[in-house]
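Engineer: First the structure, then my questions, so here it is.
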Amino acid sequence: MDVKKNGDVSFWYADIGGVPGYRPPLQGDIVADVCIVGAGYTGLWTAYYLKQAAPHLNIVVIEKEFAGFGASGRNGGWLSGGFSWSREKYEEATSRAAVIAMQAAKTGTVNEVMSVAEAEGIDADIRRTDELLVATNEAQEQRAKAMYAHARSWALTDERVGYIDAAEMRRRIAVHNARGAFVIKKVARIQPAKLVQGLARAVERLGIPIYEQTSGKVATNRGVVRAEKIVRATEGFTAGIAGHERLWLALNSAIVVTEPLSDKLWSEIGWDGYEVLGDAAHTYCYAQRTREGRIAMGGRGVPYRFGSKTDVRGVTQQATIDKLHKILTTLLPQTKGLKLDHAWRGTLGVPRDWCTTVGFDRQTGIGWAGGYVGLGVSTSNLSGRTLRDLLLGNDTELTRLPWVNRTVRKWEPEPLRWLGVHSMYQLYRIADEREAKGLPRTSRLAALADRITGH
């Protein structure tokens, strides 16, 4: 399938007039109380909350490209407040009550982001809606129902989660062969670039400089930043920092966006509630109906590049574009005649146990957050508030949550890392094919894939 534009960071920037111009770089050596490395959601939220809590602090943000260049300006636009399916891993080191408290904190990020956006005048196309994880075969249906049961077992009520049958799913969105869907309520759809650009401007209004085109940690190519405390907010690009190559795996995800749909086509599809849409496949997808009536469809594509290499300004492979187009037209055959206007990809960070972390080492003065495994839009907000408290030395409910200062073993060296990740997704692909052909239960190959990589 041909696409009009491939890369150029993302469609979200094309939607707002193009990639922004660069802010001035660092001009020589400076001294600061706190230096934040990375001007994506994590770094900007941290700067925002820290300056509000401690206006006297001299805070600077340095960024290799421009604010929102990474996943913050390329993601699927799900403000979900979601929790990875690894609650039990957090529970092993803490308690059930602590994990439920963390779950509640993550759920609360949806309201928090919306509140800040309103207060700061950030128009990010934020729309309250539901998240639908649709099942299109028997095995997927079993998994979707299991997801609902699992969520309920962790004290999530019907105010937050639900399950709908095939008829209700098709009433909402006319997905082909829909058998039902797991529903997460009170989430939101956003336009990612609008949110990160608005947040950067809010940070600057607080008096915090953002130095772009400035690479490095504190010894940069533009000068030296001397700071008592440093925050590493580099998420999917962390593997590119010397000494951190095996800390978080740089996993790729790609998105295609269609031309605007006609009113007639929307009447056939539905989607009047602007729900964010995913599926219960192992190689899952994620989608949204955009403000101007397009469909953005995302998925893994080529999941990992040898040595955790990242892309060149979002350019993705033709094979990935074709794969995402097939997913779109399989779920929504009504879209087969649509053209694709834009394709791009980005990188997200994945810890060895697939569990997000935030922390601060008082001895070194270094803080960090990331490993969001695709849930960064909402989790980064919680990271910013948690890092605020950690950097200020405050003992709060946030600093006592089980993800704080959590450490796990590193990923294996290459080529084992490459082999493991690609084996996992090959097994997932085969498992999905077998289930689509009628296997009435989750394929054992998927369980094997999870064991290989600790997913």
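Engineer: In region 285-305, what residues are among the hydrophobic types (A, V, I, L, M, F, W, C), assigned to a loop (DSSP other than H, G, I, E, B) and modelled with pLDDT of 95 or more?
Structural biologist: CYS285
Engineer: Name every residue in region 394-419 that is surrounded by fewer than 19 Cβ atoms within 10 Å (Cβ to Cβ), of a type outside the set (A, V, I, L, M) and in contact with a strand residue (DSSP E or B) (Cβ under 9 Å, 6 or more places away or on another chain), in order of residue number.
Structural biologist: ASN405, THR407
Engineer: Just the residues that are small (Gly, Ala, Ser) and touching a residue at least 12 places away in the same chain (Cβ under 8 Å), please, taken from region 319-375. Working first, answer last.
Structural biologist: Looking only at region 319-375, we keep the residues that are small (Gly, Ala, Ser), and these are 319, 337, 343, 346, 349, 359, 365, 367, 369-371, 374.
Once the filter is applied, which keeps residues that are small (Gly, Ala, Ser) and touching a residue at least 12 places away in the same chain (Cβ under 8 Å), region 319-375 yields ALA319, ALA343, GLY346, GLY349, GLY359, GLY365, GLY367, ALA369, GLY370, GLY371, GLY374.
Engineer: Next question, about the same structure. Can you pull out every residue in region 222-275 that is of a type in the set (A, V, I, L, M, F, W, C) and farther than 30 Å from ILE184 by Cα?
Structural biologist: Within region 222-275, VAL224, VAL225, ALA227, ILE230, VAL231, ALA239, ILE241, ALA242, LEU247 qualify.
Engineer: May I ask you to list the residues in region 171-190 that are without any contact (Cβ under 8 Å) to a residue 60 or more places away in the chain, closer than 22 Å to LEU328 by Cβ and basic (Lys, Arg)?
Structural biologist: If the condition is that a residue be without any contact (Cβ under 8 Å) to a residue 60 or more places away in the chain, closer than 22 Å to LEU328 by Cβ and basic (Lys, Arg), then ARG179 is the only one that fits.
Engineer: Taking strands (runs of 3 or more DSSP E) that fall entirely within region 306-376, which contain at least 1 residues that are touching a His at 6+ places or on another chain (Cβ under 7 Å)?
Structural biologist: Of the strands (runs of 3 or more DSSP E) lying wholly inside region 306-376, those with at least 1 residues that are touching a His at 6+ places or on another chain (Cβ under 7 Å) span 340-350.
Engineer: With the requirement that a residue be open to solvent by 50 Å² or more (accessible area, probe 1.4 Å) and either modelled with pLDDT under 95 or not in a loop (DSSP other than H, G, I, E, B) (or both), what does region 272-284 give you? Talk me through it step by step, then tell me what you get.
Structural biologist: Looking only at region 272-284, we keep the residues that are open to solvent by 50 Å² or more (accessible area, probe 1.4 Å), and these are 272, 284.
The one that is open to solvent by 50 Å² or more (accessible area, probe 1.4 Å) and either modelled with pLDDT under 95 or not in a loop (DSSP other than H, G, I, E, B) (or both): TYR284.
Engineer: Quick check on my filter: what residues within region 1-10 are open to solvent by less than 50 Å² (accessible area, probe 1.4 Å), within 20 Å of the chain's Cα centre (by Cα) and farther than 19 Å from ILE122 by Cβ?
Structural biologist: Scanning region 1-10 gives GLY7, VAL9.
Engineer: Return the residue satisfying two criteria in turn: it lies in region 420-451 and is charged (D, E, K, R) and assigned to a helix (DSSP H, G or I), and of such residues it is least open to solvent (accessible area, probe 1.4 Å).
Structural biologist: So, considering only residues that are charged (D, E, K, R) and assigned to a helix (DSSP H, G or I), the one least open to solvent (accessible area, probe 1.4 Å) is GLU435.
Engineer: Also: Do you know which residues across region 141-168 are assigned to a loop (DSSP other than H, G, I, E, B) and free of Cβ contacts under 8 Å to residues at least 40 places away in the same chain?
Structural biologist: THR157, ASP158, GLU159
Engineer: Here's a check for you: in region 118-148, which residue that is open to solvent by 60 Å² or more (accessible area, probe 1.4 Å) and on the phi < 0 side of the Ramachandran plot is farthest from the chain's Cα centre (by Cα)?
Structural biologist: Here the answer is GLU138.
Engineer: If you go through region 324-361, how many residues are at pLDDT 95 or above, farther than 19 Å from GLY293 by Cα and of a type in the set (Lys, Arg)?
Structural biologist: 2
The values are calculated or read from the model by the stated rules, or taken from the named source; none is laboratory data. Predicted model, so just to flag it, every value in this text is computed and none were measured. Cβ coordinates were reconstructed from backbone atoms using ideal geometry, including for glycine residues, and neighbour counts include every protein chain displayed. We work out accessible area using only protein heavy atoms, side chains counted, and drop any ligands, DNA or RNA first. Shrake-Rupley method; radii C 1.70, N 1.55, O 1.52, S 1.80 Å.
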